[in-house]
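Every number in this text was worked out from the coordinates using simple rules, so none of it is lab data. Bear in mind that the values here come from a model prediction, so they are computed numbers and not experimental data. Please note: Cβ atoms are built from the backbone with ideal geometry, for glycine as well, and neighbour counts cover all protein chains shown.
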Amino acid sequence: MSNNQTQYSWSSSKVIDDIEFDEKDAELFKKLIGSGDTDEASEGAPLMVPGNIFTGEIVEVTKDFVVVDVGLKSEGLIPASEFDPNEIQLGEKVEVFLDQTEGSDGQIVLSREKARRQRQWQHILQNCVEGSIVRGKVTRKVKGGLMVDIGMEAFLPGSQIDNKRIKNIDEFIGGEYDFVILKINEERKNIVVSRRELLEKERISKKAELLETINEGDLRTGVVKNITDFGVFLDLDGVDGLLHITDMTWKRIKHPSEMVEVGDDVEVIILNVDRDKGRVALGLKQKENNPWEEIEERFPIGTHVKGKIVSLVPYGAFIEIEPGIEGLIHVSEMSWVKNVTDPAEVVQKGDEVEALVLSIQKEEGRISLGIKQLEKNPWEDVEAKYTQGKVVKAQVRSLTNYGAFVELEPGIDGLIHISDMSWTKKISHPSEVFQKGDEVEAVVISVDRESQKITLSVKQLADNPWENIDKALPIGSEVKAKITKTTAFGAYVELENGMDGLIHVTELSDKPFNKVEDVVNIDDEVTARVIEVDPEHKKISLSIKSQLAGADDDEIVVGKQKKATKKKTDEKDEQA
């Protein structure tokens, strides 16, 4: 193929990478196959074939058209818009493209623009290869990307426009850029270009150069590319650097977005450079003096400080005592008298408060503060105030499975354990004795100031009846009792002195019966005889059968001795 002749093979139905070619152009270029020189044939005569390029002479110029004579039977009209204004002069020689040998008006159809495009295609084939760099202007948007004028139209895929995320592809229309040729398809006269390839090469080049010249301690300005929970990534002119959240400020922040947004320009200091891995660590707070440097001298333990509550967390409140210095008031350090579970019970964000410095962890950037320490600890003199054996009055504040908590004074609670509620009754739950809000009287048993515990007893307001039980209820004595509970093995009773006893099923009657309820029922009043007393295990055994039979004390004692002897014998046999 000569320099002046080009063979086209376009198809009106072909679409490559979303580029649609003009049907008329395709049909014309099909006809140009294997021809000779476009200016002159081998014998010097012009080859009058549509699709060839001819050199013609401008013979007339009108307002809208330029008349060109190419030596054919008639001149051709070409729109003036296809010419460079400097070209439109009578007698000027110009290259034109033979579109049709005879149009609808009988004149030949010529094109200056198509001649330029074909010459540019020839130029690209002769001077460019895949990988060559060309200059072009983005002309329009098509499906999948943009069209670029590089002398002829080339396709710029959307993925090849830039090396970063594009918000609006229309921003590139009308812009002039350098492009690298990715693909040349001679058969379809299709060119695919990329701007991203050049940007990536430029970025890699800049990154290598920057990594060679950058040093720790340098100040650099970067653009915020991405924000994560743990920090911010900045573009340092080709090199990505990480500004960790802990290096953003001496203050406490929850998320980097509190300080920067994507696209912000931020001046940072280079903390570390890993040239092998291409990583750069950045710092922002390091541009300022470390407010923690002399913290122990400025705020020694025990110092009273004032500040504003800046944030509340489930475990406490942070107070800013000076710019960049925040201390934590833990919920346990908020009150002597309350069990604080939510800091909002005591303080609110924005409150001005006074606190006491409890401890400092300089390396971790932590100060522990307390506000309860500004008040007197009511537990300091509790041992002198609530001596062992002292009788006190208190109000029941809450009930638990194991006892009742009573309030002795604001911030001072005592516990009455379930085992200290009665000498004689077996209590399953404190609600059997007390209700919330009840005023009770109790005896102080013990005080533990360190653990902040005071143990109380109600039963010790009275003498222990079990100490003299043998005298109060001698064996064989008759007693009045009330049935309080029946079971498969007997019936529980309440004696006149308030003590509980058990009538075993074998001691209910000397007559046959099927169940306990055949003999006694709850609330029945009965007369029974004491047959056994066990002060150690706080048990009293009674018998209705013995009382009815009129057995004397000696018989009862002998009977119990026989039972005790038999029990011991059985236990020895089991052990053997």
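Based on the Cβ-Cβ distance from Glu130 to Asp237, what FRET efficiency comes out when R0 is 22 Å, to the nearest 0.05?
Result of the calculation: an efficiency of 0.15.
With only alpha-carbon atoms counted, please give the Rg and Dmax of the stretch 214-287, in Å.
Radius of gyration, then largest Cα-Cα span, for the stretch 214-287: 11.2, 33 Å.
Got the relative contact order for the chain handy, in percent, Cα pairs under 8 Å and 6 or more residues apart?
Taking the mean separation of contacting Cα pairs over the length of the chain, I get 5 percent.
Toward the positive end of the charge dipole of the chain, about the Cα centre and with charges on Cβ (Lys, Arg +1; Asp, Glu -1), which of Val138, Val533, Ile321 goes farthest?
Val533
For Glu60 paired with Thr387, estimate the spin-label separation in nm (one decimal), with each label point 7 Å from Cα along the Cα-to-Cβ line.
13.6 nm
Equivalent ellipsoid semi-axes for the stretch 371-416, as square roots of 5 times the alpha carbon gyration tensor eigenvalues: give them largest first, rounded to whole Å.
Values: eigenvalues 91, 47, 14 Å².
Ellipsoid semi-axes (Å, largest first): 21, 15, 8.
If I model a spin label at Thr303 and Ala208 as a point 7 Å from the Cα along the Cα→Cβ vector, what separation in nanometres do I get?
For Thr303 paired with Ala208, the spin-label model returns 5.4 nm.
Going by amide H atoms built from the backbone, whose H comes under 5 Å of the H on Asp237, apart from near neighbours?
The list, which skips near neighbours in sequence, is Val223.
Which value in Å is the Kirkwood Rh of the chain over different Cα pairs?
On the way: mean 1/r = 0.0275 Å⁻¹.
Computed over the chain, the radius equals 36.3 Å.
Relative contact order of the stretch 128-199: what whole-number percent is it, with Cα pairs under 8 angstrom and at least 6 residues apart?
Values: 141 pairs, mean separation 26.4, N = 72.
In percent, rounded to a whole number, it is 37.
Identify the residues of the stretch 506-534 with backbone N under 15 Å of a label point that sits 7 angstrom from the Cα of Thr484 along the Cα-to-Cβ direction, or state none.
Within reach of a label on Thr484: 522-526.
Per residue of the chain, what 222 nm ellipticity follows from adding -39500 (n - 2.57) for every DSSP H run with n ≥ 4, rounded to the nearest 500?
-4500 deg cm²/dmol
From Cα pairs below 8 angstrom and at least 6 apart in sequence, can you work out the relative contact order of the stretch 209-299, rounded to a whole percent?
Numbers: 167 pairs, mean separation 28.7, N = 91.
Computed over the stretch 209-299, the figure is 32 percent.
Report the extension gain between Glu267 and His255 in nm, rounded to one decimal, defined as 0.36 nm multiplied by the number of residues separating them, less their alpha carbon distance.
2.4 nm
Could you pull out the longest piece of the chain with no exposed loop chymotrypsin sites (Phe, Trp or Tyr not before Pro) in it, calling a site exposed if DSSP puts it outside H, G, I, E, B and it has at most 13 other Cβ atoms within 10 Å? All intermediate terms of the calculation are to be shown ahead of the outcome.
Working: sites that count: Phe230, Tyr315, Tyr402, Phe489, Phe513.
Answer from the scan: 1-229.
In the stretch 383-524, with Lys and Arg counted as +1 and Asp and Glu as -1 at Cβ, which of these residues, Val396, Asn514, Ala462, has the Cα nearest the positive end of the dipole, that is, farthest along it?
Of Val396, Asn514, Ala462, it is Val396.
Whole-Hz Karplus ³J(HN,Hα) for the stretch 314-330, in order, using 6.51 cos²θ - 1.76 cosθ + 1.60 and θ = phi - 60°, x for Gly and Pro?
Listing the rounded values in order: x, 9, x, 9, 9, 10, 8, 9, 6, x, x, 10, 10, x, 9, 9, 6 Hz.
Taking the Cα centre of the chain as origin, work out the dipole magnitude from +1 charges on Lys and Arg Cβ and -1 charges on Asp and Glu Cβ, in debye rounded to 20.
In total the dipole reaches around 1500 debye.
Please compute, for the alpha-carbon atoms of the stretch 131-281, the extent along each of the three principal axes and give them in descending order in Å.
Largest to smallest, the principal-axis extents are 63, 32, 20 Å.
Toward the positive end of the charge dipole of the chain, about the Cα centre and with charges on Cβ (Lys, Arg +1; Asp, Glu -1), which of Ser335, Ala208, Val260 goes farthest?
With unit charges placed on the Cβ atoms, the residue in question is Ser335.
Is the C-alpha gyration tensor of the stretch 128-199 telling us rounded, prolate or oblate? Criteria: a/c under 1.5 is rounded; beyond that, a/b larger than b/c is prolate, otherwise oblate. Could the numbers behind the result be given before it?
On the way: a/c = 1.68, a/b = 1.44, b/c = 1.17.
The shape class here is prolate.
Let's test the formula: R0 of 45 Å, r as the Cβ-Cβ distance of Glu354 and Lys141. What FRET efficiency results, to the nearest 0.05?
0.10
What full-extension length gain, to one decimal in nm, is calculated for Glu187 and Asn289 as 0.36 nm per residue of separation minus the Cα-Cα distance?
Net length gain for the segment: 30.0 nm.
How big is the equivalent ellipsoid of the stretch 382-461 along its three axes, where each semi-axis is √(5λ) from the Cα gyration tensor, reported in whole Å from largest to smallest?
19, 13, 11
Using alpha-carbon positions, what is the distance between the centroids of the stretch 430-471 and the stretch 324-351, in Å?
35 Å
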